[in-house]
Amino acid sequence: MPRVAVVTDSNSGITVEEGRQLGVEVVPMPVLIDGKIYYEGVDLTQEEFYQKQVSGADIATSQPAPGDVIAVWKKVLEEHDQLVYIPMSAGLSASCATAQMLAENFDGRVQVADNRRISVTQRYSVLDALAMTQTGMDAAQIRQILEEQGDDSCIYISVDTLKYLRKGGRVTGAEAIAGTMLNIKPVLEIRGEKLTPVGKVRGMKAARKLMIQKVREDVEGRLKPLWDSGHLAVKMAYSQISTELREEWREEIHAAFPEMDTIEGEPLTLSIACHTGPGALGVGAVRI
């Protein structure tokens with residue numbers, strides 16, 4: 001049985017320290033703030049990120065340097081025969097395509113899985129891969145399964161402010177001004193390789209209802225076989241919100257999906273937070 005390791009990037013929401021506890025090597029994502037490079041979860045916490053974002057800092061995310069990725073892979077392969085690398089969705093960043101190119105120099109020992117996920121859903125891809133390493137599968141088999149199951153998830157997000165979507169070019173200046181005046185909240189879907197608007201409503205209360213409705217449509221539609229067989233879990237996500245709001249959101253989701261014993265949640269990763277800003281809420285479902 002080959003010794004197969006799992007490697008991911010911090011877009012999964014798994015920090016370097018948490019990765020050590022799980023047995024996963026994590027490549028921290030670089031964040032450029034006012035011209036200085038920071039690394040998510042290493043020298044930049046979520047709290048520090050949002051402080052800088054709200055203060056008006058110039059923020060952008062980037063893919064990891066090829067040399068940094070290769071260094072991690074070589075370190076891992078000193079103790080393993082193969083590894084599966086699970087970066088964020090290829091459609092949202094060039095980091096996956098870069099990794100696939102780099103892997104060509106490793107004679108098949110590195111398998112890069114593009115299972116079209118990010119943040120909370122990507123985290124569960126990593127956990128799935130870890131479980132598969134215990135079954136005797138090799139890295140190529142794990143990669144294939146992850147890619148086949150990539151669409152077995154959904155996630156919807158709404159933002160508290162249009163300011164950061166405007167900065168990222170997701171809405172125009174006129175749309176942002178009008179939306180702010182009318183308290184318009186867009187609902188965005190992250191699925192596969194796209195961040196897609198699926199609706200606009202007035203007020204966050206209506207946005208929360210729409211997000212839950214969209215998840216319900218998915219679990220009763222394209223994800224129904226997984227839902228009916230108990231292989232789908234509903235999860236929540238958020239960015240820099242109060243404990244009170246987080247628990248209120250959890251209770252609202254749980255009321256809509258009483259089939260779930262608990263509703264677990266994770267903060268949105270910084271690559272998403274660059275576009276959403278603080279105060280964003282999300283809900284989705286993922287294969288378990």
Quiz prompt | Which of Phe257, Phe106 is most accessible, then next, and so on - probe 1.4 Å | solution = Phe106, Phe257
Practice problem: Quick one: angle between helix 173-182 and the longest Cα principal axis of the chain, in degrees between 0 and 90, rounded to 10, please. | Solution: 50
Quiz prompt | Distance (nanometres) between label positions extended 7 Å along Cα→Cβ at Glu266 and Thr45 | solution = 2.0
Quiz item: Among the listed pairs Lys205/Lys235; Lys36/Lys163; Lys52/Lys185; Lys75/Lys235; Lys200/Lys224; Lys52/Lys74, which are separated by more than 28 Å between their Cα atoms?
Solution: Lys75/Lys235; Lys52/Lys74
Practice problem: Determine the gain in length on full extension of the stretch Glu148-Val16; use 0.36 nm per residue of separation and subtract their C-alpha separation, reporting nm with one decimal. | Solution: 44.8 nm
Quiz prompt | For the chain, calculated [θ]222 nm from helices alone, where every DSSP H run of n ≥ 4 adds -39500 (n - 2.57) | solution = -12000 deg cm²/dmol
Quiz item: Rounded to the nearest 20 Debye, what is the dipole magnitude of the chain about its Cα centre when Lys and Arg each give +1 and Asp and Glu each give -1 at the C-beta?
Solution: 1060
Quiz item: Taking 0.36 nm per intervening residue step and subtracting the Cα-Cα distance, what contour gain separates Glu78 from Asp58 on full extension?
Solution: 3.3 nm
Self-check item: Normalised per residue, the volume of the convex hull around the Cα set of the range 88-145 (Å³)
Solution: 69
Exercise. With a ≥ b ≥ c taken as the square roots of the eigenvalues of the C-alpha gyration tensor of the range 9-89, please select rounded if a/c is under 1.5 and otherwise prolate if a/b is larger than b/c or oblate if it is not?
Key: prolate
Quiz item: Quick one: if you stick a label point 7 Å off each Cα along the C-beta vector at Glu104 and Glu251, how many nm between them?
Solution: 5.6
Exercise. Hey, could you get me the Stokes-Einstein D for the range 12-145, Kirkwood radius over alpha-carbon pairs, 37 °C and 0.692 mPa s, rounded to whole µm² s⁻¹?
Key: 210
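The values are calculated or read from the model by the stated rules, or taken from the named source; none is laboratory data. Quantities reported herein were computed from a predicted structural model and do not represent experimental measurements. Cβ atoms come from the backbone with ideal geometry, glycine included; neighbour counts cover every protein chain shown. For accessibility, only protein heavy atoms count, side chains too; no ligands or nucleic acids. Shrake-Rupley method; radii C 1.70, N 1.55, O 1.52, S 1.80 Å.
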